[in-house]
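Since the structure comes first, as structure tokens, the remarks are kept for the end.
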Amino acid sequence: MKKSLIALLVATLPAAAFADVTIYGKIKGGVEYVDNGATKTTNIDDLGSRIGFKGKEDLGNGLKAIWQVETGFSVDGTGQANKDGSANSGSGTFANRNSFIGLQSDLGTLRLGNVSNFLDSDMGIVDSWEYKNNALGLGVFTRDGTRLKNSVRYDLPSIAGFSAALQYGTKEAKGVLTNDRETSIIGLGYENSGFFGKYAYIHESKAVSKVASPIANVTVNDTANDKHRLEVGYNANNLLVAFGYQQEKGGVDVVGGDWIGYVKNALPTVSAANAVTLDKVKTREYALTAAYTIGAFTPKFTYAHGDKVEIGGSKLNDTGYNQYVLGVDYAISKRTTFGAQYGQIAVKGEGNKDQKAFGLNMIHAF
């Protein structure tokens, strides 16, 4: 009886209520074995599942209203965590992923909301892995590919393979003691016959004040952050070759919590009573990925390297990293893929522990 009433109700709704609305998403689950040198664990994890709704309305004269609401969730029955294992306070919150309202025309696309930055939406092809633990993918290298809350983004129309985007994100908590920063991003891209080149520049304003950083008892440098990333390569005819380079300079937070977690024994600390701001911090990283599809199988390999972290122009010993990931994907259908991979992050130096991991995953897109 209830099913009949629901069917009757749906049938009586105007067709316009369902026009130009798309439901999409991915369900990602995996098993990962992690050896960090001190402990060995086997985890069943969600790898970033999400569901989204998007649509548009023709306003006339080539102008369209566009919208999207995307939410992340976990299929393993727990709240989603960040890739470093820390709690993700936004997990499960409606519209916690790429969500916006905007306008689109021949002059480009304008979006307002919680919008992916250029590194998240247009770059990151060098990281072709599905994973939770960073040893199984380039989570350290791609740490700046994210979404900007309270942001506005404008994408110019693509012309002869060239693309460009501008984005500005406000501070979420103005005037309080946080390391939140205003963010401005310029993204440039070019694609032609499988060849591609992408560049992004990020400028983050000074922090509100000297506040705690990912390193214990060390404060964020009261200076702006400047970040650059370049990705070039070829992706066509079953072959993917992608190279990435990035350089960052500013406060100690440019290193990122995950990288600091691997090399914290080599980074300087100061007493809490005498906490001071460090000189400007600089990082350089490189990544190379190659993959080739043979039938349903896609074997692939990634190598990444982080130079020693520089503080005030001096390189710190035992702070660089080397990483490699080797694996294969099997496409059982157009929407379902199985994957297996082994990875390792190696950091030289006494007290630093190599991290090794093996993972199996299943991904279904809808």
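Quickly run through region 21-52 and pick out the residues that are among the polar types (S, T, N, Q) and in contact (Cβ under 8 Å) with a residue 60 or more places away in the chain. Write out each step before concluding.
Just the residues of region 21-52 that are among the polar types (S, T, N, Q), to begin with: 22, 36, 39, 41-43, 49.
If the condition is that a residue be among the polar types (S, T, N, Q) and in contact (Cβ under 8 Å) with a residue 60 or more places away in the chain, then ASN36, ASN43 are the ones that fit.
Name the one entry in ALA304, ALA287 that is under 19 Å from the mean Cα position of the chain (by Cα), modelled with pLDDT of 95 or more, of a type in the set (A, V, I, L, M) and under 24 Å from VAL31 (Cβ atoms). Talk me through it step by step, then tell me what you get.
On the way: ALA287 fails: under 24 Å from VAL31 (Cβ atoms).
None of the other options fit; the residue is ALA304.
Could you please find all residues in region 236-265 being modelled with pLDDT under 75 and in contact with a Ser or Thr (Cβ under 8 Å, 6 or more places away or on another chain)? Quick ask: steps written out before the conclusion?
Residues of region 236-265 that are modelled with pLDDT under 75, as a first pass: 263-265.
Within region 236-265, just VAL263 meets the criteria.
Okay, residues lined up against (1) in contact with a helix residue (DSSP H, G or I) (Cβ under 6 Å, 6 or more places away or on another chain); (2) at pLDDT 95 or above; (3) farther than 15 Å from GLY139 by Cβ:
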{"residue": "ALA291", "(1), (2), (3)": "no, yes, yes"}
{"residue": "GLN323", "(1), (2), (3)": "no, yes, no"}
{"residue": "VAL328", "(1), (2), (3)": "no, yes, yes"}
{"residue": "TYR342", "(1), (2), (3)": "no, yes, yes"}
{"residue": "GLN355", "(1), (2), (3)": "yes, no, no"}
{"residue": "GLY359", "(1), (2), (3)": "yes, yes, no"}
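Collect the residues in region 66-119 that are loosely packed, with under 15 Cβ neighbours inside 10 Å, assigned to a loop (DSSP other than H, G, I, E, B) and modelled with pLDDT of 90 or more, keeping them in residue-number order.
ASP106, LEU107
Go through the residues of region 266-284 one by one and say whether even a single one is farther than 22 Å from SER184 by Cβ, crowded, with 19+ Cβ neighbours inside 10 Å and at pLDDT 90 or above.
No: region 266-284 contains no residue that is farther than 22 Å from SER184 by Cβ, crowded, with 19+ Cβ neighbours inside 10 Å and at pLDDT 90 or above.
Identify, from the list TYR342, TYR324, the residue that is outside any loop (DSSP other than H, G, I, E, B), aromatic (Phe, Trp, Tyr) and touching a Lys or Arg at 6+ places or on another chain (Cβ under 9 Å). Let's see the steps before the verdict.
Numbers: TYR324 fails: touching a Lys or Arg at 6+ places or on another chain (Cβ under 9 Å).
On inspection, the qualifying residue turns out to be TYR342.
For the subset of region 122-159 comprising residues that are without any contact (Cβ under 8 Å) to a residue 40 or more places away in the chain and assigned to a strand (DSSP E or B), which member is farthest from ILE202 (Cα to Cα)?
Among those residues, the one meeting the criterion is ILE159.
Within region 307-331, count every residue that is surrounded by fewer than 20 Cβ atoms within 10 Å (Cβ to Cβ), closer than 28 Å to THR41 by Cβ and touching a residue at least 24 places away in the same chain (Cβ under 8 Å).
Going through region 307-331 one residue at a time, the tally reaches 5.
Could you check, for region 195-204, whether at least one of its residues is in a loop (DSSP other than H, G, I, E, B), on the phi < 0 side of the Ramachandran plot and modelled with pLDDT under 95?
The first filter runs over region 195-204 and keeps only residues in a loop (DSSP other than H, G, I, E, B), leaving none.
Within region 195-204, none of the residues are in a loop (DSSP other than H, G, I, E, B), on the phi < 0 side of the Ramachandran plot and modelled with pLDDT under 95.
Going residue by residue through region 34-46, is there one that turns out to be under 19 Å from the mean Cα position of the chain (by Cα), within 21 Å of ILE345 (Cα to Cα), assigned to a strand (DSSP E or B) and at pLDDT below 95?
Checked region 34-46: at least one residue is under 19 Å from the mean Cα position of the chain (by Cα), within 21 Å of ILE345 (Cα to Cα), assigned to a strand (DSSP E or B) and at pLDDT below 95.
For region 97-121, give me the residue count where each residue is among the aliphatic types (A, V, I, L, M) and either in contact (Cβ under 8 Å) with a residue 60 or more places away in the chain or out of contact with any strand residue (DSSP E or B) (no Cβ under 7 Å at 6 or more places or on another chain) (or both). Write out each step before concluding.
Of region 97-121, the ones among the aliphatic types (A, V, I, L, M) are 101, 103, 107, 110, 112, 115, 119.
Pick out the ones that are also either in contact (Cβ under 8 Å) with a residue 60 or more places away in the chain or out of contact with any strand residue (DSSP E or B) (no Cβ under 7 Å at 6 or more places or on another chain) (or both) and you get 107, 119.
Matching residues across region 97-121 total 2.
Looking at (1) modelled with pLDDT of 95 or more; (2) over 21 Å from GLY261 (Cα atoms); (3) surrounded by 18 or more Cβ atoms within 10 Å (Cβ to Cβ), find the lone condition where PHE141 falls short.
Failed condition: (2).
The values are calculated or read from the model by the stated rules, or taken from the named source; none is laboratory data. Since this is a predicted model, take the numbers as computed values, not measurements. Quick reminder, even Gly has a Cβ in these numbers, built from the backbone with ideal geometry, and neighbours come from all protein chains shown.
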